[in-house]
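*Asks:* I am attaching a structure below and will ask some questions about it afterwards.
Please treat every number below as a calculation from the coordinates, not as lab data. Nothing here was measured: the structure is a model prediction, and the numbers come from that model. In this analysis, Cβ positions are derived from the backbone assuming ideal geometry, glycine residues included, and neighbour counts consider all displayed protein chains.
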Amino acid sequence: MSFALPQLPYALDALEPFISKETLEYHYGKHHATYVNNLNKLIPGSAFEGASLEKIIQMADGGIFNNGAQVWNHTFYWNCLSPKGGGEAYGKLAEAINRDFGDFETFREKFSMAAASLFGAGWAWLVADTSGKLSIVQESNAGNPLRNGLQPILTCDVWEHAYYIDKRNRRPAYIDDFWKIVNWETAENQYNSRPK
């Protein structure tokens, strides 16, 4: 079994002006594709031949983990964005945000701070534990909260290749624009379908 680069859920220019077509051509078309290609070269003959990405994330290390987790992380990230996104969470997820952070604005500030303050490359994640309690975690490089038994609900990629073409070194400006295209439908579905 080999892995394939999944289709984006929108056109390359659909997230403009917040994320440019050029950024997606490189971020999706080059970086994400390279992780897929690297993983497909690494897994034949390994203990992870035929394994799911989730098993790779939970059990692998080294290059297989790094590339497998980055394939999963990027696929998840693309689905966290939408040209019709933005606004605020709703439904059960909104209730959980209000319960665990006090209100949406406090959650947004804490998530933005986690994304902005992560040193180097990595990801900011909104996650739920098995009881449904929400928290925000930072993961460096290819880190993924599935490895710690947490369910990803929302993520923001803060590797420089996610924003450098559009924003240069202004990561906070990229994070501000991230909120304008967040796909809350996906986040709500992730929260409602989490393992209980």
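*Asks:* Could you please find all residues in region 25-45 being exposed (fewer than 14 other Cβ atoms within 10 Å of the Cβ) and not in a helix (DSSP H, G or I)?
*Replies:* Scanning region 25-45 gives Pro44, Gly45.
*Asks:* Another question, then. Could you list, in sequence order, all residues of region 163-194 that are among the hydrophobic types (A, V, I, L, M, F, W, C) and in contact with a Cys (Cβ under 8 Å, 6 or more places away or on another chain)?
*Replies:* Ile175, Phe178, Val182, Ala187, listed by residue number.
*Asks:* Check Glu22 against each of (1) without any contact (Cβ under 8 Å) to a residue 40 or more places away in the chain; (2) exposed (fewer than 15 other Cβ atoms within 10 Å of the Cβ); (3) part of a helix (DSSP H, G or I); (4) touching a helix residue (DSSP H, G or I) at 6+ places or on another chain (Cβ under 7 Å) and name the one condition it does not meet.
*Replies:* Of (1) without any contact (Cβ under 8 Å) to a residue 40 or more places away in the chain; (2) exposed (fewer than 15 other Cβ atoms within 10 Å of the Cβ); (3) part of a helix (DSSP H, G or I); (4) touching a helix residue (DSSP H, G or I) at 6+ places or on another chain (Cβ under 7 Å), only one is false for Glu22: (1).
*Asks:* Please go through region 147-189 and give me each residue that is without any contact (Cβ under 8 Å) to a residue 60 or more places away in the chain and over 22 Å from Phe119 (Cβ atoms), ordered by number.
*Replies:* Gly149, Gln151, Asn189
*Asks:* Output the number of residues of region 125-140 satisfying the condition of being among the small types (Gly, Ala, Ser) and more than 21 Å from Pro195 (Cα to Cα).
*Replies:* Final tally of qualifying residues: 1.
*Asks:* Output the residues belonging to region 43-70 that are over 18 Å from the mean Cα position of the chain (by Cα), hydrophobic (A, V, I, L, M, F, W, C) and under 17 Å from Pro145 (Cβ atoms).
*Replies:* Met59, Ala60
*Asks:* Here are Leu81, Leu134, Leu93: which of them is crowded, with 19+ Cβ neighbours inside 10 Å, touching a residue at least 24 places away in the same chain (Cβ under 8 Å), under 25 Å from Ser52 (Cβ atoms) and among the aliphatic types (A, V, I, L, M)?
*Replies:* None of the others qualify; the one that does is Leu81.
*Asks:* A further question follows. In region 118-162, what residues are out of contact with any Cys (no Cβ under 9 Å at 6 or more places or on another chain), closer than 22 Å to Gly68 by Cβ and among the aromatic types (Phe, Trp, Tyr)?
*Replies:* Answer for region 118-162, where residues must be out of contact with any Cys (no Cβ under 9 Å at 6 or more places or on another chain), closer than 22 Å to Gly68 by Cβ and among the aromatic types (Phe, Trp, Tyr): just Trp159.
*Asks:* Just checking, which of Gly29, Gly86, Gly50 is touching a residue at least 24 places away in the same chain (Cβ under 8 Å) and under 25 Å from Pro9 (Cα atoms)?
*Replies:* Selected residue: Gly86, the only one of Gly29, Gly86, Gly50 that is touching a residue at least 24 places away in the same chain (Cβ under 8 Å) and under 25 Å from Pro9 (Cα atoms).
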